[in-house]
Amino acid sequence: MTGSISQTQLDAAVIDANGQRIATVVRVEDGVPYVQPAETVDPTARRALHWDGDDPPHRLMLAHVESVTSDEIRLESNL
């Protein structure tokens with residue numbers, strides 16, 4: 001992962017390998033982003049990201065993150 005995650009990423013878009021916005025960062029705790037998934041995220045992607053359980057916001061596993069900027073978090077392509 002390039003970049004670090006902080007309060008700067010609040011409201012940042014979470015972008016998948018296809019360039020689609022799949023979530024929005026709604027909270028950051030100790031460098032870990034919590035996201036509100038888009039309603040259009042398919043069930044397979046939700047399971048791969050461990051977003052298929054509890055009600056949102058969901059923890060975004062840092063292992064899935066490829067890069068971070070102030071306005072977006074890009075995910076790895078191998079989910």
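If only residues of segment 36-79 that are closer than 10 Å to residue 9 by Cβ and of a type in the set (Val, Ile, Thr) are counted, the one that is modelled with the lowest pLDDT is 69.
Within segment 25-70, the set of residues being β-branched (Val, Ile, Thr) and more than 12 Å from residue 5 (Cβ to Cβ) comprises 26, 40, 41, 44. Residue 52 meets all of the listed conditions (1) surrounded by 13 or more Cβ atoms within 10 Å (Cβ to Cβ); (2) within 13 Å of the chain's Cα centre (by Cα) but one, namely (2). Taken residue by residue, segment 66-76 has at least one member that is assigned to a loop (DSSP other than H, G, I, E, B), exposed (fewer than 13 other Cβ atoms within 10 Å of the Cβ), touching a residue at least 40 places away in the same chain (Cβ under 8 Å) and more than 11 Å from the chain's Cα centre (by Cα).
Would you confirm whether or not segment 34-44 contains a residue that is touching a strand residue (DSSP E or B) at 6+ places or on another chain (Cβ under 7 Å), assigned to a strand (DSSP E or B) and touching a residue at least 24 places away in the same chain (Cβ under 8 Å)? Yes. Would segment 5-18 turn up any residue that is part of a strand (DSSP E or B), in contact (Cβ under 8 Å) with a residue 24 or more places away in the chain, in contact with an Asp or Glu (Cβ under 7 Å, 6 or more places away or on another chain) and surrounded by 15 or more Cβ atoms within 10 Å (Cβ to Cβ)? Yes, the conditions are met somewhere in segment 5-18.
The values are calculated or read from the model by the stated rules, or taken from the named source; none is laboratory data. These numbers come from a predicted model, not from an experiment. Note: ideal-geometry Cβ built from the backbone for every residue, glycine included; neighbour counts use all protein chains shown.
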